[in-house]
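Coordinate-derived values only; no laboratory data. Source: prediction; values computed, not measured.
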Amino acid sequence: MNYLLANPEIVWELLQRHMYMVGVAVGLGLLIALPLGLLVNRFRWLAVPVLGTLGALYTIPSLALIILLLPIFGLNATSVIVALVIYVQIILVRNVVAGLQAINPAILEAARGMGMNGWQRWWRVQLPLALPIVLAGVRIAAVVAIGIAAIGAKFGAGGLGTLLFDGIAQNRFDKIAAGSLVLAGLALLLSLALLGLERLFDPQARVARAARTQPVACSETPEPTF
């Protein structure tokens, strides 16, 4: 805590760098996962090879994967971001597929009967209904990426991992504590923010909110006659 109070500018700069890596990685990962999940949902036989391959990549230790990427992308943040994109794919694709499969087929048939083409059904029906489950995957992927990105400091990527590795090298517990505290706080805040988005876009929650805001119609009861 003492290091945080004494060096807020340094910690803020490292935090921004960390958030940049995580944001770019999860954003790119989602751009890849959405069409991939849609493809797996359309051709079910792709589920085993696609999810199996992504699951196998997820089991590779982060240090080993980043080292494998160094000859291609160099000793910089790019190698770390590419590794993060690979790691979050299994989480994002699974949730995209789960969200799409949770949609009632009768809803899609009704949309088709209204004359919607494939793109309109995806944009106006499938994506809004699958969004809460997709956002749940984004939340998990972001938390995972925050932790793995800390290792990127070992490869010149910067970020909050710098405090951890410098603290270990210099035998300074205050740096280690500062890095751990900010990493945990970032993961918690981001998780809560995305959880709020999940609830905001949840169709059932929206219906419940609309029902609560609807005025209750009161009918006048006629007075009894004697």
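The rule of thumb for compact globular proteins, 2.2 N^0.38 Å, goes into the C-alpha radius of gyration of segment 2-203 1.18 times.
Which of the DSSP-defined H helices in the chain satisfy a minimum axial length of 30 Å, computed from C-alpha atoms, and a minimum mean Kyte-Doolittle hydropathy of 1.0?
Values: long enough: 8-42 (50 Å, 1.10); 77-101 (35 Å, 1.84); 127-149 (31 Å, 2.27); 173-201 (42 Å, 1.62).
Long hydrophobic helices here: 8-42, 77-101, 127-149, 173-201.
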